[in-house]
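> Sending over a structure as structure tokens; questions will come in a sec.
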Amino acid sequence: MDIALAKQKTTGQLLGVVLLELGFVDEQKVFFPILAEQCGVPFVDLKNITVPRPAIQKISAKLALHYQIIPVSQDENNLTIATADPLNVQILDEISAAADCPVKFVLSTEKDIIEAIRKYYGIGAETIEKMMGESRPIAKPETMVSRLDDLGSEASISRFLNQILMEAYQSRATDIHVEPYEDELKIRYRIDGVLHNAKVPQDIKHFKDAIVSRIKVLSNLNIAERRTPQDGRFKVRAENIDLDLRVSFLPTQFGESLVLRILNTAKLYSLDELGLRPDEKDMIDRLIKKPHGIVFLTGPTGSGKTTTLYSCLSKINTDDQKIVTIEDPIEYQLKGITQIQINQAVGLTFAKGLRSMLRHDPDIMMIGEVRDVETAEIAVQIALTGHLVFSTLHTNDAAGGVARLLDMGVEPYLITSTVECFIAQRLVRVICPHCKRVSKEAFNGINAQEENPVTVFEGKGCEKCSHTGYWGRQAIYEFLIIDDIIRKLIIDRASAERIRDAAIERGMKTLLHSGWEKVKSGLTTPSEILRVTAKDGAG
């Protein structure tokens, strides 16, 4: 109390606010319940109640946001409103007039009220309300393009998009999915590799064509073309962070579906931040210092292959090295590295670009993806002439990379002469540090071979992690080093299973083993490891 009183003298704030800011009282358990008692109004924990729809419909989203209020319940005589400022009786008349019934206050925290507004009204609800009130939405695609000429409409659509992008960024989303259906427009965020529904107002379905057209304008795409897929990108600034958004449109039965990939151009991970074990980091350090050869990263889309490649390039990006990349698309812009963007429209393919890259006298080259035999053979020839090459393949595990190249038609002797390593990769969610606890459930799947009991942790779920129990991701790896034994199997065109078994006998740690090490370290859960490995036999 002495500390709080001393600070109050300098700040002039209410004593209760000072105690709250200093962390001496808990907002939920102490501060607001006492304030509610002093004001003579009940305290309501909005997280533990469900507000009926009729009560929500009594107050507009615009009014709720303006006064920071949320309806709680409704009976025959009164509408109960939650507020963080119960002493502000001046707004009672306006709220009562808007609801057309008497209103009474209950107390809740400002944070819970804002979260409840998003939950029950949806993101950008006041913007959608405004647009619905200005004019009746026109659903025909032909006329929606002309609606964008209306400055007021465009400004409203722009504001709504900004709200969606800001919400996605603050939620740590990597992708935004906008999906039209017959009677709704669904927006979903991919957070830590898992899709979550965004809370948006139902009336957003009336503006799906306007939203699509607005994003096409930002991406410099043809807004009149709705029959074929289109790809583009644009940049925005959120909280002083430059976000590069990659956009892809697909025509569907009920309109164009689109996905926005959010690329934080200011964030480039170092090798130390990828979650590598010390032995794995040593292997990568040795591989990236090779004078020539090919290093392949394998895994499905979204497994973090490109991020790992960029981290490797950043590590060896020095003034005495010439590094050239060819990508589709360029996801991160790396200073000091020459990056080439594939352009199929003008005939700039991976194969054609690779031939031209050699004339630039590079020391190290990165190929975004080996998709066909022509690209694979050129990559092999480049490695044979004394260059270090990095690239990716779409396979389930490291041994599958060998089978993939053989299926393409690359000769076994070329693979054994050039490829140094296949690295399989997955991303696993990390347990939220704010709600981490020892798991009460017994688990005897992965740890059946363990001699000593293993303490398994889990995330209980809290506000910080949106009650998922996870916060962020780390990579797990599988390194298939091409040694003499593996080379002989490749020459004999052995199956991926035989190569994999031989590698395990020689000490290769599988994705499942790498994941289990993270479970033992308390970083993730057994169910998360099984989610990303068991379904494709990567264990």
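> What number goes with the only condition from (1) in a helix (DSSP H, G or I); (2) touching a Leu at 6+ places or on another chain (Cβ under 8 Å); (3) surrounded by 20 or more Cβ atoms within 10 Å (Cβ to Cβ) that Met357 does not pass?
(2)
> Related question: I'd like to know if the stretch 117-125 contains one or more residues that are touching a Phe, Trp or Tyr at 6+ places or on another chain (Cβ under 9 Å), part of a helix (DSSP H, G or I), within 30 Å of Phe43 (Cβ to Cβ) and modelled with pLDDT under 80. Give the derivation first.
Taking the stretch 117-125 first, the residues touching a Phe, Trp or Tyr at 6+ places or on another chain (Cβ under 9 Å) are 123-124.
Filter again for part of a helix (DSSP H, G or I), leaving none.
Taking every residue of the stretch 117-125 in turn, none turns out to be touching a Phe, Trp or Tyr at 6+ places or on another chain (Cβ under 9 Å), part of a helix (DSSP H, G or I), within 30 Å of Phe43 (Cβ to Cβ) and modelled with pLDDT under 80.
> Check Ser495, Ser466 and return the single one that is on the phi > 0 side of the Ramachandran plot and open to solvent by 10 Å² or more (accessible area, probe 1.4 Å).
None of the other options fit; the residue is Ser466.
> Here's another thing I want to ask about it. What pairs can you find where one residue is in the stretch 510-534 and within 25 Å of Ile481 (Cβ to Cβ), the other is of a type in the set (Asp, Glu) and not in a loop (DSSP other than H, G, I, E, B), and their Cβ atoms are less than 6 Å apart, with a gap of 6+ or different chains?
Thr510/Glu478; Leu511/Glu478
> For the list (1) in a helix (DSSP H, G or I); (2) open to solvent by 50 Å² or more (accessible area, probe 1.4 Å), I need the number of the one condition that Gly23 fails.
Among (1) in a helix (DSSP H, G or I); (2) open to solvent by 50 Å² or more (accessible area, probe 1.4 Å), Gly23 violates only (1).
> Another question, if that's okay. Please work out which residue is most open to solvent (accessible area, probe 1.4 Å), limiting yourself to the stretch 317-338 and to residues that are free of Cβ contacts under 8 Å to residues at least 60 places away in the same chain and over 15 Å from Ile367 (Cβ atoms). Walk me through it before giving the result.
The initial filter retains those residues of the stretch 317-338 that are free of Cβ contacts under 8 Å to residues at least 60 places away in the same chain, namely 317-328, 330, 335-338.
Imposing the further condition that a residue be over 15 Å from Ile367 (Cβ atoms) reduces the set to 317-322, 335-336.
Numbers: Asn317: 49, Thr318: 64, Asp319: 168, Asp320: 124, Gln321: 68, Lys322: 68, Lys335: 190, Gly336: 61 Å².
Out of the qualifying residues, it is Lys335.
> Right, next: Which of the helices (runs of 4 or more DSSP H) contained wholly in the stretch 26-72 include at least 1 residues that are modelled with pLDDT of 80 or more and touching a helix residue (DSSP H, G or I) at 6+ places or on another chain (Cβ under 7 Å)?
53-57, 61-67
> Could you tell me whether Gly347 is open to solvent by less than 50 Å² (accessible area, probe 1.4 Å) and not hydrophobic (A, V, I, L, M, F, W, C)?
When the stated conditions are applied, Gly347 passes them.
> Has the stretch 521-533 got at least one residue that is in a helix (DSSP H, G or I) and in contact with a Pro (Cβ under 8 Å, 6 or more places away or on another chain)?
no
> If the requirement is being over 30 Å from Glu517 (Cβ atoms), at pLDDT 85 or above, of a type in the set (Asp, Glu) and open to solvent by less than 50 Å² (accessible area, probe 1.4 Å), which of these qualifies: Glu280, Glu256?
Working: Glu280 fails: over 30 Å from Glu517 (Cβ atoms).
The conditions single out Glu256.
> Going through the stretch 62-113 one residue at a time, which ones are open to solvent by less than 30 Å² (accessible area, probe 1.4 Å) and free of Cβ contacts under 8 Å to residues at least 40 places away in the same chain?
Leu63, Pro71, Val72, Leu79, Thr80, Ile81, Ala82, Thr83, Ile91, Ile95, Val103
> How about the stretch 1-20: which of its residues are of a type in the set (A, V, I, L, M), surrounded by fewer than 17 Cβ atoms within 10 Å (Cβ to Cβ) and modelled with pLDDT under 80?
Leu14, Leu15, Val17
> Give all pairs with beta carbons closer than 7 Å in which a residue from the stretch 174-188 that is among the aromatic types (Phe, Trp, Tyr) meets a residue that is surrounded by fewer than 19 Cβ atoms within 10 Å (Cβ to Cβ); count only pairs at least 6 apart in sequence or on separate chains.
Tyr181/Phe254
> Val438: out of contact with any Leu (no Cβ under 7 Å at 6 or more places or on another chain), touching a residue at least 60 places away in the same chain (Cβ under 8 Å) and β-branched (Val, Ile, Thr), yes or no? First the steps, then the outcome.
Numbers: out of contact with any Leu (no Cβ under 7 Å at 6 or more places or on another chain): yes; touching a residue at least 60 places away in the same chain (Cβ under 8 Å): no; β-branched (Val, Ile, Thr): yes.
No; evaluated as a whole, the condition is false for this residue.
> Taking only pairs six or more apart or across chains, which ones have beta-carbon atoms under 7 Å, a first residue in the stretch 1-13 that is assigned to a helix (DSSP H, G or I), and a second residue that is surrounded by 14 or more Cβ atoms within 10 Å (Cβ to Cβ)?
Ala4/Val18; Ala4/Leu19; Lys7/Val18; Gln8/Val18; Thr11/Val18
> Is it fair to say Lys289 is surrounded by fewer than 17 Cβ atoms within 10 Å (Cβ to Cβ) and over 24 Å from Pro362 (Cα atoms)?
no
The values are calculated or read from the model by the stated rules, or taken from the named source; none is laboratory data. Since we're looking at a predicted model, the values are computed, not measured. In this analysis, Cβ positions are derived from the backbone assuming ideal geometry, glycine residues included, and neighbour counts consider all displayed protein chains. Calculation scope for accessible area: heavy atoms of the full protein, side chains included, ligands and nucleic acids excluded. Shrake-Rupley method; radii C 1.70, N 1.55, O 1.52, S 1.80 Å.
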